[in-house]
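Q: Below: one structure in structure tokens.
The values are calculated or read from the model by the stated rules, or taken from the named source; none is laboratory data. Computed from a predicted structure; not experimentally measured. Ideal geometry is used to build each Cβ from the backbone, glycine not excepted, and the neighbour counts take in all protein chains shown. Heads up: the accessible areas ignore ligands, DNA and RNA and are worked out on the full protein's heavy atoms, side chains in. Shrake-Rupley method; radii C 1.70, N 1.55, O 1.52, S 1.80 Å.
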Amino acid sequence: MPKYEGILRKVPIFSSLNEETLLQIDQVCIKMNYQKGNIILFEHDEGNALFFIVKGEVKISRESDDGREVILSLIHDSDVFGEMSLLDGMPRSANVTAMEDTELYMIKREDFLELLNNHPDVSIALLEEITHRLREAGMRIKSLSLNDAEGKVAMVLLQIADEKGKIKNGIVEIEKLPFQHDLANMAGTSRETISRTLHSFAKKGLVELEGSKLRIIKYEQFKDIYT
Ligand code: CMP
């Protein structure tokens, strides 16, 4: 199987495309590499390209008025970003930073719009992805409005579980939990609160922590309690 096909096939918005179209996409994509910590996109910049993550993880964040970082999402292999400015012509809505060494494919606005025109399936899949993000943003707004730390931290764990957790026998395992500092910036709380709450969840038998690995025991029950 050609390399491009394996990479592009994994991107959910391209899953319906045939090999010929994937090859056309590959030909117009520009491959890019970013080292851990590098900023890929700046909030407020003009945006005229879309990105797919081939390998790695990126942080979508904004700065609050008092200078604190607010992490909106952590996304990884096969995820797409940069669609908002591309579609509405407004400036970039957030900063995007490489959380580890990251390999990307970039596609220019005119090439992507041509693809959307010729392949309605890609438009529908992109709408699904945007809708999913809107739902997550709704959950995030709810969690930020909660007063209790447990609710805030639980919402963030559920978001990460949804993005990269693996479920087996009702237990969701998150292989590499973000650093507590980043969890705090996702939950809108302090690092100390994250540490205390994770230990409280563990004491209650809701989660198991093992190094950077976290298991949500009885995932469905956990969701029922906190959503
Ligand atoms: P764009 O605004 O072009 O550049 C920043 C990108 O971050 C944006 O497109 C989306 O792809 C992504 N983004 C912005 N807000 C969110 C969010 N709340 N959840 C996930 N991704 C987001």
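Q: Connecting C-alpha atoms closer than 10 Å in a GNM of the chain, tell me which of Ser64, Ser78, Ser212 has the biggest fluctuation.
A: Ser64
Q: Which of these, Leu104, Leu23, Leu86, has the largest mean-square fluctuation under a Gaussian network model of the chain (Cα springs below 10 Å)?
A: With Cα springs under 10 Å in the chain, the top fluctuation among Leu104, Leu23, Leu86 is at Leu23.
Q: Something else about it: Which residues does a label at Arg196 reach in the stretch 129-155, if reach means a backbone N under 20 Å from a point 7 Å past the Cα toward the Cβ?
A: 143-155
Q: Counting only protein heavy atoms and a 1.4 Å probe, tell me what percentage of the stretch 39-106's accessible area is made up of carbon and sulfur.
A: Taking all protein chains in place, the stretch 39-106 shows 49 percent carbon and sulfur surface.
Q: Based on DSSP H runs of at least 4 residues, each adding -39500 (n - 2.57), what is the mean residue ellipticity at 222 nm of the chain after dividing by all its residues, to the nearest 500 deg cm²/dmol?
A: -14000 deg cm²/dmol
Q: Also: Along the three principal axes, how long is the chain when you take its alpha carbons, biggest first, rounded to the nearest angstrom?
A: Principal-axis extents of the chain (Cα, largest first): 54, 43, 30 Å.
Q: Let me ask something else about it. What FRET efficiency would be calculated for the residue pair Asp111, Leu23, taking the C-beta separation as r and a Förster radius of 22 Å, to the nearest 0.05?
A: 0.95
Q: On the accessible surface of the stretch 161-226, probed at 1.4 Å, how many percent belong to carbon and sulfur atoms?
A: Percent of accessible area from carbon and sulfur atoms in the stretch 161-226: 51.
Q: Could you work out the percent of alpha carbon pairs in the stretch 118-200 separated by over 17 Å, rounded to a whole number?
A: The answer is 55 percent, as a whole percent.
Q: Calculated FRET efficiency, Arg62 and Lys218, Cβ-Cβ r, R0 30 Å, to nearest 0.05?
A: 0.35
Q: Nearest 10 degrees is fine. How inclined is helix 109-118 to the longest principal axis of the chain, computing both from alpha carbons?
A: 80
Q: Could you give the length gained by full extension between Glu69 and Asp88, i.e. 0.36 nm per residue of separation minus their alpha carbon distance, to one decimal place?
A: 4.4 nm
Q: Measure nothing fancy, just the Cα-based angle from helix 19-28's long axis to the longest principal axis of the chain, in degrees from 0 to 90, nearest 10.
A: Helix 19-28 sits at roughly 90 degrees to that axis.
Q: Skip the ligands, DNA and RNA, and give the accessible area per residue of the chain with a 1.4 Å probe, whole Å².
A: 55
Q: Still on this structure: Expressed as an acute angle from 0 to 90° and rounded to the nearest 10, what is the orientation of the C-alpha long axis of helix 191-203 relative to the principal long axis of the chain?
A: The answer is roughly 70 degrees.
Q: Can you give me the distance in nm between label points at Asp101 and Asn33, each placed 7 Å from the Cα along the Cα-to-Cβ direction?
A: About 0.7 nm, to one decimal.
Q: Next question. Of Lys168, Lys108, Lys176, which is the most mobile in a GNM of the chain whose springs link Cα atoms less than 10 angstrom apart?
A: Lys168
Q: Here is a follow-up. Any chance you could run the full-extension gain for Ile167 through Ser123? It's 0.36 nm times the residue separation minus the Cα-Cα distance, nm to one decimal.
A: 12.9 nm
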